1. Divide by every residue of the chain the summed helix terms, -39500 (n - 2.57) for each DSSP H run of at least 4, and state the resulting mean residue ellipticity at 222 nm, rounded to the nearest 500 deg cm²/dmol.
2. Counting alpha carbon pairs within less than 8 Å and at least 6 residues apart, what relative contact order, in whole percent, applies to the chain?
3. Please list, in order along segment 58-65, the HN-Hα scalar couplings obtained from phi with the Karplus expression 6.51 cos²θ - 1.76 cosθ + 1.60 (θ = phi - 60°), rounded to whole Hz, x for Gly and Pro.
4. Relative contact order of segment 16-95: what whole-number percent is it, with Cα pairs under 8 angstrom and at least 6 residues apart?
5. When ligands, DNA and RNA are left out and all protein chains stay put, how many square angstrom of accessible area per residue does the chain have with a 1.4 Å probe?
6. Please state the equivalent ellipsoid semi-axes for the chain: what are the square roots of 5 times the Cα gyration tensor eigenvalues, largest first, in whole Å?
7. Once you have the Cα-Cα distance between Lys130 and Ala87, take 0.36 nm times their residue separation minus that, and quote the gain in nm to one decimal.
8. Roughly how many percent of the accessible protein surface of the chain is carbon and sulfur, given a 1.4 Å probe and a whole-percent answer?
Amino acid sequence: MTSPFASGQARPERLLDVQNLSVSFAGKEVVHGIDFSIAPGEKLALVGESGSGKTVTALSLLRLVQNAVIGGRADFAAGGETVDLLALPERQLRGIRGQDIAMIFQEPMTALNPLFTVGDQIAEVLQLKKALSPSESARAAIQMLADTGIAEPERRANAFPHQ
């Protein structure tokens, strides 16, 4: 697979630089010109009351909001180069989602399928994104759970989301 990043661009000091982000639905703007940046190793919290646009803001950066018109820039640095996430073709953005950028949803009961174990759901993504075998992806899923500090990662990988 070829790199989705434009060749020759130097990596900035910022991992993500969002400028004038706006999101509209049916002509009604719901996110109004937001600016923020995140440096490598830095954390950012989007804080606000329910319905203030936190989730729409985060989802729009990966263009995961259906029927939305998204404006502004979202310069993302990875692999030594920078791209505007909002201007990338869908195919190139798919290569970045889950590989370089991921989202942790606040409510796992709505984000995870209750019919499959947590480990199976993580392993499925690894099989699709990294072309790992089922056994390799199962081991990698357990390791990822361990890396995040989840206690008893083997047991948790075999648990269902409600458990």
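1. Only helices count here, giving -8500 deg cm²/dmol.
2. Relative contact order comes out at 21 percent.
3. For segment 58-65, the Karplus curve yields 5, 5, 5, 5, 9, 6, 9, 9 Hz.
4. Values: 118 pairs, mean separation 26.6, N = 80.
Result for segment 16-95 is 33 percent.
5. Per-residue accessible area for the chain comes out at 65 Å².
6. 29, 21, 15
7. 13.0 nm
8. Within the chain, the accessible surface is 54 percent carbon and sulfur.
The values are calculated or read from the model by the stated rules, or taken from the named source; none is laboratory data. Only a predicted model underlies this, so the values are computations on that prediction, with no experimental measurement involved. Note that each Cβ is placed from the backbone with ideal geometry, even for glycine, and that neighbours are counted across all protein chains shown. Just the protein is used for accessible areas: all its heavy atoms, side chains included, with ligands, DNA and RNA removed. Shrake-Rupley method; radii C 1.70, N 1.55, O 1.52, S 1.80 Å.
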